[in-house]
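First the structure, which I've put down as structure tokens, then a few questions once you've had a look.
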Amino acid sequence: MAEQRHRLVEEIQAEVRAAARELGFDRLDPRVEQALRTVPRERFVPESERALAYVDSPLPIGEGQTISQPYIVAIMSQLLDVAPGDRVYELGTGSGYQAAVLAAMDVEVYTVEIVPELAERAAKTLASLGYDRVRVRAGDGWLGWPEAAPFDAIIVTAAAPHIPRRLVDQLAPDGRLVIPMGAPDRVQWLAVFMRDKGGELVRRDLLPVRFVPVTGAMEP
């Protein structure tokens, strides 16, 4: 499906150019682009959905969850602003596709999925494809992965009204946190948070989005 991946990346590049003012960039970073061209998205969706793997759309993956739209995966990956060897925490493994894209960018990924069946399936898929930079754990993602912290970046792949302090404390100085903010029944915004010199987060909203809500015991 290499040709389908190529066409999809061209579509995403066009969407990025159209949203350049909101995003702050007008093309994909070469590392993000290369990851999208190499990660086989068809392996991260159910067999019944594989014909649609390279349509720029979210798809159901079971357990009431979805694999994110490739365009959203691309821009969230770029907004993390990570370098090779950086350490990223992901809340919400889902299918494992986002983690695979980051791993293809030479990033170490620690990812937690609250649905055990999805965590197990994602771990098997990632291992079968050789993404040994990804560590998968089943559990409450809001707890983070304290023993691996601090993280150079944190990515949350479901929407939330706020970010628990416990997760913020696992973000390294000058780190970035990318998350869709908002309640399920309201407008959500894809937001980037950056830590200032005092350790507090500075928020920048980019695009209106629609994500399933984060589940788990959210703390203040």
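So which helices (runs of 4 or more DSSP H) stay within the stretch 1-85 end to end and still have 1 or more residues that are buried (at least 20 other Cβ atoms within 10 Å of the Cβ)? Lay out the reasoning, then the answer.
Values: elements: 2-18, 20-23, 30-38, 70-79.
Because the criterion is at least 1 residues that are buried (at least 20 other Cβ atoms within 10 Å of the Cβ), the helices (runs of 4 or more DSSP H) in the stretch 1-85 that meet it are 2-18, 30-38, 70-79.
On the given criteria, is ASP174 part of a loop (DSSP other than H, G, I, E, B), open to solvent by 20 Å² or more (accessible area, probe 1.4 Å), over 18 Å from SER95 (Cα atoms) and not polar (S, T, N, Q)?
no
Since THR111 meets every condition but one in (1) outside any strand (DSSP E or B); (2) buried (at least 20 other Cβ atoms within 10 Å of the Cβ), which condition does it not meet?
Tallying (1) outside any strand (DSSP E or B); (2) buried (at least 20 other Cβ atoms within 10 Å of the Cβ), THR111 fails exactly one: (1).
State which residue pairs qualify: first residue under 15 Å from TRP142 (Cβ atoms) and small (Gly, Ala, Ser) and inside the stretch 193-220, second residue in a loop (DSSP other than H, G, I, E, B) and at pLDDT 90 or above in any location, beta carbons under 7 Å apart, and separation of 6 or more residues or different chains.
Close Cβ pairs satisfying both conditions: GLY216/ILE114; GLY216/ASP140; ALA217/ASP140.
Inspect the stretch 203-211 for any residue being within 14 Å of the chain's Cα centre (by Cα), closer than 21 Å to ILE72 by Cβ and aromatic (Phe, Trp, Tyr) and give the result as yes or no.
Yes, the stretch 203-211 contains a residue that is within 14 Å of the chain's Cα centre (by Cα), closer than 21 Å to ILE72 by Cβ and aromatic (Phe, Trp, Tyr).
The values are calculated or read from the model by the stated rules, or taken from the named source; none is laboratory data. A quick note: this is a predicted structure, and the numbers were derived from the prediction, not measured. Counting neighbours? That spans all protein chains shown, and the Cβs are built from the backbone with ideal geometry, glycine included. Accessible surface areas use protein heavy atoms only, side chains included; no ligands, DNA or RNA. Shrake-Rupley method; radii C 1.70, N 1.55, O 1.52, S 1.80 Å.
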